[in-house]
Amino acid sequence: MTRREATGRLVARLRDHAVVASLGHPAYDLFLAGDRPANFYTWGSMGLTSSIALGIALARPDCPVVALDGDGSLLMNLGSLATIGACSPANLLVVVWDNEQYGTTGGQPTATSLGADLAAAARAMGLDATAVTTAEQFDRALDRADESRRATVIVAKVEESIPGGRPPLDCVFIKQRFMAAIGACEPGTRGAGA
Amino acid sequence: MAVSPASPPAWAPRVCAGLAAANVRHIVYVPDNPLSHLLDVLAREYPQVHRTLATREEEAVGIAAGLYLGGVRPAVLMQSSGLGNCANAVASLLAAYQIPVVFVMSMRGDPGEWNAAQVPMGRAIRPLLDALGVPFASIDAAEEAESTVRAMCDTAFSVRFPAAVLLPRRLTTA
């Protein structure tokens with residue numbers, strides 16, 4: 001299963017979900033699978049995707065939140081698993097696209113190519129975590145995540161694929177569109193009536 | 001040891017009052033001795049303000065950014081040394097996306113410091129905040145704590161940019 005194919009399977013199931021995507025290929029594939037206002041594309045701050053998603057999930061318990069992280073990114077912020085495990089909001093799903101490489105920067109191998117096990121790390125932090133390698137396993141894991149009463153992690157082993165497009169570059173546009181989509185519009189951004 | 005006295009130092013309830021007056025509703029923190037006074041006051045006097053422990057300052061910035069995106073005004077409590085752990089997140093997340101997060105930083109490496117290892121980063125805090133374009137104010141007396149915190153928060157949330165309030169050692173160790 002390629003990351004592009006897996007992203008498409010996930011996006012096809014989205015309803016009113018907020019989605020936060022890690023910079024580079026995970027964000028590009030999310031955009032290509034279906035741009036939507038409730039997608040928050042990061043363009044920097046590598047490693048923080050799951051943390052941003054946790055913050056949204058804590059602020060908005062009514063809103064299902066999905067983080068699309070990468071193996072290299074999550075390895076930069078493994079402590080996030082401990083915090084998510086401690087808070088464990090039921091409305092948070094963290095999907096880790098594990099292609100065992102830094103795909104956006106040229107395909108250099110990550111520690112998962114040498115045996116580092118992110119699903120085991122997530123379980124060790126008290127999270128409900130599953131590793132999947134096929135599309136059918138991924139679908140079943142997503143079904144289970146929908147019913148989970150605590151935060152869930154799915155580590156999906158995926159083949160790298162070069163995305164053929166990019167999301168908007170305007171960070172403030174991404175933020176304002178996202179906040180309006182989930183009903184958290186910033187005061188003042190649309191002017192005030194007379 | 002982080003042993004909190006029964007009655008907190010005068011600056012602590014005033015900092016908390018400033019945060020609450022600015023409608024800060026969620027605190028993300030990496031703890032420190034002086035900050036434990038703030039956390040105690042928040043837990044006792046402001047139970048409606050949520051508190052989340054982060055493992056590292058960079059992670060705290062990510063969580064706080066998400067809280068803001070979800071419509072909640074956030075503040076990050078951390079020791080000043082943590083600014084070095086989160087500089088890229090401040091720049092490429094908070095500044096780039098214009099996400100206001102208010103930092104309350106207990107200072108290390110400033111006058112009164114005893115630990116040589118803390119001094120180089122302590123000297124770098126103000127130049128680093130300047131370089132990142134993050135406005136900051138230092139609270140030098142307890143009497144000004146509430147108004148300074150309130151003003152820094154109000155401007156941060158109005159202009160949508162991070163800001164920092166520094167708690168110098170001469171305040172917190174007095």
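The values are calculated or read from the model by the stated rules, or taken from the named source; none is laboratory data. These figures come from a predicted structure and were not determined experimentally. Virtual Cβ from ideal backbone geometry, glycine too; neighbours counted across all protein chains shown. With ligands, DNA and RNA removed, areas are computed over all heavy atoms of the protein, side chains included. Shrake-Rupley method; radii C 1.70, N 1.55, O 1.52, S 1.80 Å.
State the number of residues belonging to segment A:153-162 that are at pLDDT 95 or above and either part of a loop (DSSP other than H, G, I, E, B) or open to solvent by less than 10 Å² (accessible area, probe 1.4 Å) (or both).
Total meeting the criteria: 6.
Conditions: (1) within 14 Å of chain B (Cβ to nearest Cβ); (2) without any contact (Cβ under 8 Å) to a residue 40 or more places away in the chain. Residue A:131 meets all but one. Number of the miss?
Here residue A:131 meets the rest and fails (1).
Go through B:44, B:56, B:25 for me and flag whichever is open to solvent by 10 Å² or more (accessible area, probe 1.4 Å) and touching a His at 6+ places or on another chain (Cβ under 8 Å).
Of B:44, B:56, B:25, the one residue that is open to solvent by 10 Å² or more (accessible area, probe 1.4 Å) and touching a His at 6+ places or on another chain (Cβ under 8 Å) is B:25.
Check segment B:117-133 and report whether any residue there is surrounded by fewer than 18 Cβ atoms within 10 Å (Cβ to Cβ) and within 30 Å of residue A:16 (Cβ to Cβ).
No: zero hits.
Quick check on this structure: which one of B:7, B:36, B:81 is open to solvent by 10 Å² or more (accessible area, probe 1.4 Å) and touching a residue at least 40 places away in the same chain (Cβ under 8 Å)?
B:81
Going through segment B:134-159 one residue at a time, which ones are open to solvent by less than 40 Å² (accessible area, probe 1.4 Å) and outside any helix (DSSP H, G or I)?
B:134, B:137, B:138, B:139, B:141
With A:140, A:166, A:123, A:177 as the choices, which residue is outside any helix (DSSP H, G or I) and charged (D, E, K, R)?
On inspection, the qualifying residue turns out to be A:166.
Where the second residue is part of a loop (DSSP other than H, G, I, E, B) and open to solvent by 10 Å² or more (accessible area, probe 1.4 Å) and the first is under 13 Å from residue B:70 (Cα atoms) and more than 7 Å from chain B (Cβ to nearest Cβ) and lies in segment A:36-56, which pairs have Cβ atoms under 7 Å and are six or more apart or on separate chains?
As it stands, the answer is A:38/A:17; A:38/A:182, since those pairs meet every condition given.
Would you please name the residue that is least open to solvent (accessible area, probe 1.4 Å), looking only at residues in segment A:115-150 that are among the hydroxyl-bearing types (Ser, Thr, Tyr) and within 19 Å of residue A:7 (Cβ to Cβ)?
A:130
Rundown of residues vs (1) under 30 Å from residue A:182 (Cα atoms); (2) within 14 Å of the chain's Cα centre (by Cα); (3) within 14 Å of another protein chain (Cβ to nearest Cβ), yes/no style:
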{"residue": "B:8", "(1), (2), (3)": "no, no, no"}
{"residue": "B:36", "(1), (2), (3)": "no, yes, no"}
{"residue": "B:43", "(1), (2), (3)": "yes, no, no"}
{"residue": "B:46", "(1), (2), (3)": "yes, no, no"}
{"residue": "B:68", "(1), (2), (3)": "yes, no, yes"}
{"residue": "B:120", "(1), (2), (3)": "no, no, no"}
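Hey, which of the helices (runs of 4 or more DSSP H) in segment A:13-101, taking only ones fully inside, have at least 2 residues that are out of contact with any strand residue (DSSP E or B) (no Cβ under 6 Å at 6 or more places or on another chain) and surrounded by fewer than 22 Cβ atoms within 10 Å (Cβ to Cβ)?
The helices (runs of 4 or more DSSP H) meeting that bar are A:25-34, A:79-87.
Kindly indicate whether any position in segment B:162-169 is exposed (fewer than 15 other Cβ atoms within 10 Å of the Cβ), at negative phi and of a type in the set (Gly, Ala, Ser).
Checked against the condition, which is being exposed (fewer than 15 other Cβ atoms within 10 Å of the Cβ), at negative phi and of a type in the set (Gly, Ala, Ser), segment B:162-169 yields no hits at all.
Quick one: would you say residue A:113 is at pLDDT 95 or above, more than 14 Å from every other protein chain (Cβ to nearest Cβ) and part of a helix (DSSP H, G or I)?
Criteria met by residue A:113.
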